[in-house]
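Values in this text are rule-based calculations from the coordinates and carry no lab data. Quick caveat: nothing in here was measured; it's all calculated off a predicted structure. With ideal geometry, Cβ positions are generated from the backbone for all residues, glycine too; neighbour counts draw on all protein chains shown.
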């Protein structure tokens, strides 16, 4: 085992060099999940010393050998130049040894799982991290970002409505203060950087926010325009825990070509509709089935058919994508909607594991910028979660520490 571990470390050092952390999933890998101790929290942000539980399904079901590598990243998600022993105690690369084969499912798969930290790998410092999972040929099959923080400062935050007439019904503003009675910050405008994420989504985030006021042991960020977000709309959802029947989310299910096909009701663009409250889990998903006891290996896969009406509110000139945590908020060919001349609908078909899913539709312009408002509209009443991260790097230090984190919800509006 010792020689195997040394070999894995050498392999990881021989990988093609990277300068920027990326998210990636191979075609035959599905249902990648990074969870914290809270089973409903799909956002991989943990306190230093806590655990992340990682799992994924290999649809080739041939019990491959996989191993993970961990790399420290800077504030801007560039791979750090610090050596491994500065941020890892133990092995930065190690074989994933736990797996189970699917049971009583039409789609065969191997379910791999592990947690960090473990007896072989412990993270020593806070910061941004890139997790890569590779196969025996040293090919990267999965890459995911995760964050480790230290609770050294207190962040108090709230959301308010935007004050401008143009956006008063569309935007939400995050205002906050950083309290640091036991942590010295000499130059907050230079040493402290703040990031704000909307609904755990790095694609919809703000960063490099400067302080506005200072008090003793308190740094105040009482901005309006610089920390405002479009509220968007509540996520759509469906529940495929029972693949043998329809429900309020699913128009019909059929069995063909040895797999189930799940047809969702067609969605109308909501940009011209008034806001309607509907509880969601802010883009997340939860694997479950009614036909087994072990959700991880007895949940089957089905082809889920999405369809969207096309009209002046949702022009087909833009690239449109099905969007959510189920595919790590990616917008690529796999989840792109294609216009069907016969049905006059935008359509996409995705292979998804049984469970409860939140999803929405986004557009991507020629500059690769994602936008939710064009199809869904934007309302200040929308319930959103906001995560605030405080990064600290003083003069002479080589790494960005994350010294505080908090999560708030806009439902107080």
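Annotation for the stretch 164-183 versus the stretch 207-241: alpha-carbon center distance of 6 Å.
Can you give the FRET efficiency for residue 179 and residue 340, using 1/(1 + (r/R0)^6), R0 = 56 Å, r = Cβ-Cβ distance, to the nearest 0.05? Could the numbers behind the result be given before it?
Working: r = 55 Å, r/R0 = 0.98.
With R0 = 56 Å, the Cβ-Cβ based efficiency is 0.55.
Quick one, can you get me the convex hull of the C-alpha atoms of the stretch 236-376 expressed as volume per residue in Å³? Expressed per residue, the convex hull around the Cα atoms of the stretch 236-376 is 121 Å³.
Give me the log10 of I(q) over I(0) for the chain at q = 0.10, 0.12, 0.13, 0.14 Å⁻¹, as the Debye formula computes it from C-alpha points; what are the numbers? Taking Cα atoms of the chain as identical point scatterers yields -0.75, -1.07, -1.23, -1.37. When the convex hull of its Cα atoms is viewed from all sides, the stretch 172-230 shows a mean projected area of 4.4 nm². Both the radius of gyration and Dmax for the stretch 62-111 are 16.5, 47 Å, in that order, over alpha-carbon atoms.
The simple spin-label model puts a point 7 Å past each Cα toward its Cβ; for residue 65 and residue 186 those points are separated by 5.1 nm.
Springs join every pair of Cα atoms under 10 Å in this Gaussian network model of the chain, and among 36, 85, 25 the largest mean-square fluctuation is at 85. Note on residue 295/residue 365: beta-carbon distance plugged into 1/(1 + (r/R0)^6) with R0 of 45 Å gives a FRET efficiency of 0.70.
The slack in the chain from residue 79 to residue 394, taken as 0.36 nm per residue of separation less the alpha-carbon distance, amounts to 111.5 nm.
Using 20 Å as the cut-off for backbone N distance, which residues of the stretch 166-182 belong to the label zone defined by a point 7 Å from the Cα of residue 272 along Cα→Cβ? Backbone N within reach: 170.
Rounded to the nearest 500 deg cm²/dmol, what is the calculated helix-only ellipticity per residue at 222 nm for the chain, with -39500 (n - 2.57) per DSSP H run of length n ≥ 4?
Working: 4 runs with 24 residues, N = 413.
Computed ellipticity for the chain at 222 nm equals -1500 deg cm²/dmol.
Sort 374-382, 164-172 by the packing proxy (mean of other Cβ within 10 Å over each peptide's residues), most packed first.
On the way: 374-382: 21.6, 164-172: 15.4.
Ranked by mean Cβ neighbours within 10 Å, highest first: 374-382, 164-172.
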